[in-house]
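**Student:** Here it is: the structure, laid out below.
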Amino acid sequence: MQKTKKYPITPPDEIGRRKKKMGQVVVIEDRCKGCGFCIANCPRQVLRVSSAFNKKGYHPPEVIDTTRCVNCHFCEILCPEFAIYSVEYDDLEEQD
Amino acid sequence: MSAKEVKTGIHFINGDEACCEGALAAGCRFFAGYPITPATEVAESMSRRLPEIGGIYIQMEDEIASMAAILGASWGGVKSMTSTSGPGFSLMMENIGLGICTETPCVVCNVQRAGPSTGLPTLVAQGDMMQARWGSHGHYEIIALSPSSPQEMFDFTIRAFNLSEYYRLPVILLADETIGHMTERVVVPPEEEIEIVNRRKPAVSREEYLPYEADPDGIAPMANCGDGYRIHVTGLTHDERGYPAMDAKAQEKMVTRLVDKIRNNRDKIISTKNLFLDDAEVVVVSYGISARSSMQAVQDARREGIKAGLIKLDTVWPFPEDLIRAVAASSKTMIMAEINGGQMVLELERAACGACPVRLVSNYGGAILHPGLILSSIAKAAKGKL
Amino acid sequence: MITAKTAKNLPPHPMDSLLRTERIPHIWCPGCGIGTVFSAVIHSVKNSGWDPNNIAMVSGIGCTGRMAGYIRLDSFHTTHGRALPFATGLKLAKPDTKIIVVSGDGDLFAIGGNHFIHAARRNMDLTVICVNNLNYGMTGGQQGPSTPLGAKTTTTVNGSPEEPFNFCYLAAACGATYVARWTAMQVRSLRSSISEALDKRGFSFVEVITPCPSSFGRRNRMGTALEMLKFYHGRSVIRSDIDPRDASMDIDREIVVGKFVDIERPTFMDHYEKVNRLNSPQWRAMHPDQKAR
């Protein structure tokens, strides 16, 4: 039968301090073929079709509000073009 | 290992079994095949001998699968072979083409039987010669050897493996039912005396290695699966990186190399056994079992004072055009003796370029050529009768 | 917003390490699900714990067949329908190499059907991923062994007059030791199935129902690729561990997905060694370069 995975239980006193995971979407624009899988299936509606054109004339996705991204990677694993992925926010250097 | 890979000594075995022993002596350790008269004994010998020496015999679901499997095993770094006859040979054509395009070393033994179609499964013929040359689609070069005895089945199988490893392509053994089923004395030399050629390995690092960038002689070093080179191998026309290249320029470059690596080296590949050529007026050209009928006829002719000669083609492909052109210039007539409706005779005529008349002595299969038939043709030619 | 152009020291795309990035973007149509399956395969390969130098991919002819050209492994793009026998030979020559066979429904089950049933019967230690887009995509959308009854293709303009295979039922019946089916949208389940299949000894089979917007979708008015993705997902019903006979694959009613078979059975190699009574060390010394001569 399906082995049920044991999820780590956060001790009660730590719940308040647990940081909400923040993610940052990265788009490799020239790989995108505009299929829209990521935009439609992002559970947090972080993405929308951009008005920009990539090298082939497709509209790659763009982030509406990066704070909404929880780094769930669904856009990354669903994308057939390896054109989008998300990284942990604090992995990044503080941008200007 | 109790069982020996090379059974040094003198044996009394048929051609099929000699082919198996030759393959093992050459380093073959994988056989994928399918039963078909008159080649089944090669598979049976292999199924007995390979497990003894750490090899693998597998009987596939058909000849298409057998040919695909030996290509896979070859890319796994193991010398591999299959054997079949006419009907199976026809099924193998597409994957022989894959082997040629991807430059995969392996050996295909075709113990020919009378066709077309099911034909005479247990009776001799040599009707697959042009199929061996042009059977797969597209333009390419092939190497094919034609043994005339169980001893040559042993020797030529070793040479076939060495040629396939060196020139990186499937090499075809064009035997026939008589040779396959004939039992004769076969001498197996000691292991050290047998020359073994292994495929050329890359000498550069993974970053620099281009799987299909050839050395000056047109042959590319070969990395096997699992050697860490992360190669891509495809039947599509490909560039030096092995990546698909879908244009005429890449096609020209790739096919030119596939063809030239054989044509430019044909002096090293072609081998014939010549008899009385120095003063021969009528020269018989033959191969396989027909070469033995011709040998008898030429010797009988000599006894009758006729200046006859023989060219026995050990390699039928590539065809020895230069030799034929030279001999045709000094011959009254050349005769092709073969058991088909006239196939290699076309090559003989092409190479002779009209320098002398060319005759054909043949039947459509089912029986070997009677030496007397060849002798009468030699006699007629010697008298200048057309 | 961070885009590849503006990002400073960003990690590369997680799949790039196993992608021949010099050949990306690939040839598959916008919205084709093969890329998603390919991404899942790469993920499973990366997390399999196997050394990538010891994993090989073998593919046949068709849209999916081109996958071998994009993965940075030893990969072999063979002839139509013959990926499995080629992989059989490769596996027998390299028993310690993990081999993944990827191909489409037509390649594996029409022209390659005979090889499929025998490779499964022999329980060859291979992982087979079938990208089922319900038609022959590469050649422009002809009827295939999986084309639903009545579906329009370029060779069944009035509707396909044939009932398709149930590939999972067929694989199970032939002796596969692991059989699973997912639609392209269920990527996380697909990933775990592919990983399980990779770890499984013997013949493992994973089928993925994948949108083919350019050919099948267009001719059957299924809307955009996104709509097809959602349509297949909507039709899917997860019923793991049921008898594969009942795992029906009917896009008009329901697509039963999940893991249907997960059994143990000796592989061809197990039998071969036992039957030939060879102890494996001596048997393994079969490679010419390992031998002294």
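**Student:** Per-residue ellipticity at 222 nm for chain B, helices alone: DSSP H runs ≥ 4 residues times -39500 (n - 2.57), over residue total, nearest 500 deg cm²/dmol? All intermediate terms of the calculation are to be shown ahead of the outcome.
**Tutor:** On the way: 13 runs with 148 residues, N = 386.
For chain B, the value works out to -11500 deg cm²/dmol.
**Student:** Let me ask another. Can you give the mean number of other chain Cβ atoms that lie within 10 Å of the Cβ atoms in peptide C:14-26? Don't jump to the answer; show the numbers that get you there.
**Tutor:** Details: counts 7, 5, 3, 0, 1, 1, 4, 3, 2, 4, 6, 12, 5.
Mean partner shielding for this stretch: 4.
**Student:** Tell me, what is the FRET efficiency for residue B:353 and residue A:67 to the nearest 0.05, using R0 = 56 angstrom and their Cβ-Cβ distance as r?
**Tutor:** Details: r = 84 Å, r/R0 = 1.50.
Here the calculated transfer efficiency is 0.10.
**Student:** Report the full-extension gain for the segment residue B:120 to residue B:273: residue separation times 0.36 nm, less the Cα-Cα distance, to one decimal in nm. Could you put the intermediate results ahead of the total?
**Tutor:** Values: separation 153, 0.36 × 153 = 55.08 nm, distance 3.00 nm.
Full extension of this stretch gives 52.1 nm more.
**Student:** For the pair residue C:248/residue B:139, report the inter-label distance in nm, with labels modelled 7 Å from Cα in the Cβ direction.
**Tutor:** Those two pseudo-labels are separated by 5.6 nm.
**Student:** Still on this structure, I have one more. By per-residue mean of other Cβ atoms within 10 Å, what is the highest-first order of B:295-302, C:86-93?
**Tutor:** Numbers: B:295-302: 20.8, C:86-93: 29.2.
Most protected by this proxy first, the peptides run C:86-93, B:295-302.
**Student:** Oh, and also: What percent antiparallel are the DSSP beta bridges of chain C, to the nearest 5? Can you show the working numbers first?
**Tutor:** Values: 8 of 37 bridges.
DSSP beta bridges in chain C are roughly 20 percent antiparallel.
**Student:** Now a separate question. Let me check I've understood the local charge: for residue B:4, count other residues with C-beta under 9 angstrom from its C-beta, Lys and Arg +1, Asp and Glu -1. What total comes out? Before the final figure, lay out each step's value.
**Tutor:** Numbers: positive: B:7; negative: B:5, B:52, B:191.
Combined, the nearby Lys, Arg, Asp and Glu give -2.
**Student:** Something else: Is chain C best put as rounded, prolate or oblate by its Cα gyration tensor, with a ≥ b ≥ c the root eigenvalues, rounded for a/c under 1.5, and otherwise prolate when a/b is larger than b/c, oblate when not? It would help to have the intermediate numbers written out before the result.
**Tutor:** Details: a/c = 1.81, a/b = 1.27, b/c = 1.42.
Verdict is oblate for chain C.
**Student:** OK, next. Using DSSP, restrict attention to beta bridges with both residues in the protein assembly as shown and report what percent are antiparallel, rounded to the nearest 5. Write down the numbers at each step before the final one.
**Tutor:** Working: 30 of 99 bridges.
Percentage antiparallel, nearest 5: 30.
**Student:** On to the next question. Give the relative contact order (percent, whole number) for chain C; include only Cα pairs under 8 Å separated by 6+ residues.
**Tutor:** On the way: 596 pairs, mean separation 47.6, N = 293.
This gives 16 percent for chain C.
**Student:** Mind checking which of B:66, B:164, B:331 has the largest fluctuation in a GNM of chain B, springs on alpha carbons under 10 Å?
**Tutor:** Result for chain B, Cα springs under 10 Å: B:331 fluctuates most.
**Student:** If you don't mind, there's one more thing I want to ask. Give me the net charge of residue A:57's neighbourhood, meaning all other residues with Cβ under 15 Å from the Cβ of residue A:57; Lys, Arg count +1, Asp, Glu -1. List each step's numbers first, then the result.
**Tutor:** Values: positive: A:31, A:33, A:55, A:56; negative: A:29, A:30, A:81.
Once positives and negatives cancel, what remains is +1.
**Student:** In whole percent, what relative contact order does segment B:103-258 give with Cα contacts below 8 Å and a gap of six or more residues? Walk me through the intermediate numbers first.
**Tutor:** Values: 244 pairs, mean separation 32.3, N = 156.
This gives 21 percent for segment B:103-258.
**Student:** Next question. What shape does the protein assembly as shown take by its C-alpha gyration tensor, where a ≥ b ≥ c are the square roots of the eigenvalues and a/c under 1.5 counts as rounded, a/b above b/c as prolate, and the rest as oblate? The partial results should precede the final answer.
**Tutor:** Details: a/c = 2.33, a/b = 2.18, b/c = 1.07.
Cα axes put the protein assembly as shown in the prolate bin.
**Student:** Still on this structure, I have one more. Sum up the charges of everything whose Cβ sits under 14 Å from the Cβ of residue C:221, counting Lys and Arg as +1 and Asp and Glu as -1, but leave residue C:221 out. Don't jump to the answer; show the numbers that get you there.
**Tutor:** Details: positive: C:152, C:218, C:219; negative: C:227, C:252.
Within the 14 Å Cβ shell, the charges total +1.
**Student:** Another one. To the nearest 0.05, what FRET efficiency results for residue B:203 and residue C:142 with a Förster distance of 60 Å applied to their C-beta separation?
**Tutor:** Details: r = 46 Å, r/R0 = 0.77.
Result of the calculation: an efficiency of 0.80.
**Student:** Using 0.36 nm times the number of residues separating residue B:47 and residue B:130, minus their current alpha carbon distance, what extension gain do you get?
**Tutor:** Numbers: separation 83, 0.36 × 83 = 29.88 nm, distance 3.03 nm.
In short, 26.9 nm is gained.
**Student:** Once both labels are modelled 7 Å past Cα along the beta-carbon direction, what's the residue B:256-residue C:54 spacing in nm?
**Tutor:** In this crude label model, residue B:256 to residue C:54 measures out at 4.3 nm.
**Student:** Run the paramagnetic zone check for residue C:121: 7 angstrom along Cα to Cβ, then residues of segment B:40-67 with backbone nitrogen under 13 Å.
**Tutor:** The answer is B:59-62, whose backbone nitrogens lie closer than 13 Å to the label point.
**Student:** Using just the helices of chain C, give the 222 nm mean residue ellipticity in deg cm²/dmol: DSSP H runs with n ≥ 4 each add -39,500 (n - 2.57), and the total is spread over all residues, rounded to 500.
**Tutor:** Details: 8 runs with 78 residues, N = 293.
Calculated at 222 nm, the ellipticity per residue is -7500 deg cm²/dmol.
**Student:** Then there is this: Taking both sides together, what accessible area is buried at the C/B interface, probe 1.4 Å, expressed in Å² and rounded to the nearest 100?
**Tutor:** On the way: alone 14090 and 15350 Å², together 25310 Å².
Summing both chains' loss of accessible area gives about 4100 Å².
**Student:** Over the whole of C:53-61, what's the average partner chain Cβ count within 10 Å per residue? Rounded to a whole number, please. Please list the in-between numbers first.
**Tutor:** Details: counts 7, 3, 3, 8, 1, 5, 1, 0, 2.
The mean count of partner-chain Cβ atoms within 10 Å per residue comes to 3.
**Student:** Please report the relative contact order for chain B, taking Cα pairs under 8 Å with a sequence separation of at least 6, and give it as a percent rounded to a whole number.
**Tutor:** Numbers: 876 pairs, mean separation 62.7, N = 386.
Reported as a whole number, the value is 16 percent.
**Student:** How far, in nm, would the chain grow between residue B:240 and residue B:8 when pulled straight, counting 0.36 nm per residue and subtracting the alpha carbon separation? Write down the numbers at each step before the final one.
**Tutor:** Details: separation 232, 0.36 × 232 = 83.52 nm, distance 4.24 nm.
Taking residue B:240 through residue B:8 to full extension adds about 79.3 nm, to one decimal.
**Student:** Moving to a separate point now. Alpha carbon centre of segment B:213-264 versus segment B:157-191: separation in Å?
**Tutor:** 27
**Student:** Report the C-A buried area as the accessible area lost on both sides summed, probe 1.4 Å, in Å² to the nearest 100.
**Tutor:** Values: alone 14090 and 7590 Å², together 18500 Å².
Approximately 3200 Å² gets buried when C meets A.
The values are calculated or read from the model by the stated rules, or taken from the named source; none is laboratory data. Everything numeric in this text was worked out from a predicted model, so none of it was measured. A quick note on method: Cβ atoms are made from the backbone with ideal geometry, for glycine too, and the neighbour counts reach across all protein chains shown. Quick note on the areas: whole protein, heavy atoms, side chains included, nothing else; ligands and nucleic acids left out. Shrake-Rupley method; radii C 1.70, N 1.55, O 1.52, S 1.80 Å.
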